1. Residues of segment 27-55 being surrounded by fewer than 19 Cβ atoms within 10 Å (Cβ to Cβ) and assigned to a strand (DSSP E or B), which ones?
2. Go through the residues of segment 160-169 one by one and say whether even a single one is within 11 Å of the chain's Cα centre (by Cα), at negative phi, buried (at least 22 other Cβ atoms within 10 Å of the Cβ) and of a type in the set (D, E, K, R).
3. Go through the residues of segment 192-200 one by one and say whether even a single one is assigned by TED's automatic domain parsing to the domain that holds residue 271 and farther than 30 Å from residue 18 by Cα.
4. Of everything in segment 270-295, what is farther than 24 Å from residue 154 by Cβ and within 16 Å of the ligand (Cβ to nearest atom)? Give them in sequence order.
5. If we scan segment 146-158, do we find a residue that is charged (D, E, K, R), at pLDDT 95 or above, under 18 Å from residue 290 (Cβ atoms) and buried (at least 24 other Cβ atoms within 10 Å of the Cβ)?
6. Just checking, does segment 262-284 include any residue being of a type in the set (Asp, Glu), touching a residue at least 24 places away in the same chain (Cβ under 8 Å) and surrounded by fewer than 20 Cβ atoms within 10 Å (Cβ to Cβ)?
7. Within segment 11-63, work out how many residues are away from the ligand (no atom under 16 Å from the Cβ) and among the hydrophobic types (A, V, I, L, M, F, W, C).
8. If you scan segment 198-249, which residues turn out to be buried (at least 21 other Cβ atoms within 10 Å of the Cβ) and aromatic (Phe, Trp, Tyr)?
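The values are calculated or read from the model by the stated rules, or taken from the named source; none is laboratory data. Keep in mind it's a predicted model, so treat the numbers as computed, not measured. A quick note on method: Cβ atoms are made from the backbone with ideal geometry, for glycine too, and the neighbour counts reach across all protein chains shown.
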Amino acid sequence: LKHFLTIEGLDKQLLLEILDLADSFVGSEDRRIKKIPLLRGKSIVNLFFENSTRTRTTFELAARRLSADVLSMSIATSSTSKGESLLDTIRNLEAMYVDMFVVRHGISGAAHFIAQHAASHVSVINAGDGQHAHPTQAMLDMFTIRQMKGDFANLKVAVVGDILHSRVARSDIQALNTLGVAEVRVIAPKTLLPAQVETMGVTVSHDLADGLKDIDVIIMLRLQKERMSAALLPSESEYFKCFGLTEARLKIAKPDAIVMHPGPINRGVEIDSNVADGPQSVILKQVSNGIAIRMAIMAMVMQKQEGV
Ligand code: CP
């Protein structure tokens with residue numbers, strides 16, 4: 001685990017180690033996270049070629065809690081706007097003795113590409129690449145599920161909405177299957193499912209009311225309009241009518257079901273405000289948990305880098 005690029009191929013033991021390490025960073029009484037000197041003297045650069053609120057900020061807070069020196073580069077005002085290539089940008093940052101890059105990019109495979117070409121002492125963490133993977137989001141989602149539900153073994157989890165364009169869905173489904181949940185059910189219109197959905201280890205429903213029966217955990221997804229051609233864009237009101245999570249529909253799931261969403265949420269498109277802000281929502285808990293999980297992943301990657 002010199003780099004953390006995808007959930008695919010990681011085993012259950014490693015995922016549980018990450019969850020346990022993250023747990024160790026959380027205060028037992030107030031759940032706040034203390035500052036520790038684990039990465040003192042290390043330099044981490046957040047390279048976000050795509051916008052972010054939660055991921056970038058929690059990576060930055062996590063690095064600071066580990067006592068690393070961290071900076072978030074503003075790509076829009078960097079010399080990439082003057083035509084400098086991605087690799088030249090990386091080479092120049094490496095010359096500043098950077099130890100780790102946290103990369104978000106709109107192109108699937110961008111973090112892998114940087115990992116392949118980075119200097120041997122540098123680690124890369126994927127903070128979301130195109131439609132491919134968002135592995136740290138998946139780990140904070142698993143952390144939140146374990147926090148709320150305990151064991152994974154008997155859980156039925158629904159992933160609802162725009163599966164086709166969602167890197168969160170892909171990484172969540174891989175993590176849930178690796179951790180051994182009873183069922184991962186995707187609920188979506190046919191137009192928002194990938195062609196190879198039957199190879200993803202999921203059951204499929206095209207009907208939200210029917211699909212929510214017996215469900216313990218509901219992961220709602222944003223309609224990723226920025227990744228759709230205009231011809232494929234559904235009407236938001238029509239989409240909400242068929243696939244929006246309302247209080248009435250939430251009642252179809254188990255009474256203690258939790259509602260998750262990676263954010264940003266589109267109120268009234270995939271989720272009703274009463275549900276997003278309601279008692280079963282753990283959406284803001286997910287955000288808080290992002291700090292501990294990203295601390296754990298950065299700490300594990302850096303320890304591996306040093307051969308510990
Ligand atoms: N969940 C998530 O990746 O949110 P941001 O795009 O705000 O980082």
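1. Matches in segment 27-55: 33, 43.
2. yes
3. yes
4. Matches in segment 270-295: 270, 271, 276, 284, 287, 288, 290, 291, 292, 294.
5. Within segment 146-158 (the criterion being charged (D, E, K, R), at pLDDT 95 or above, under 18 Å from residue 290 (Cβ atoms) and buried (at least 24 other Cβ atoms within 10 Å of the Cβ)), the answer is no, since none of the residues qualifies.
6. Yes, that holds for at least one residue.
7. Total satisfying the criteria: 15.
8. Scanning segment 198-249 gives a single hit, 243.
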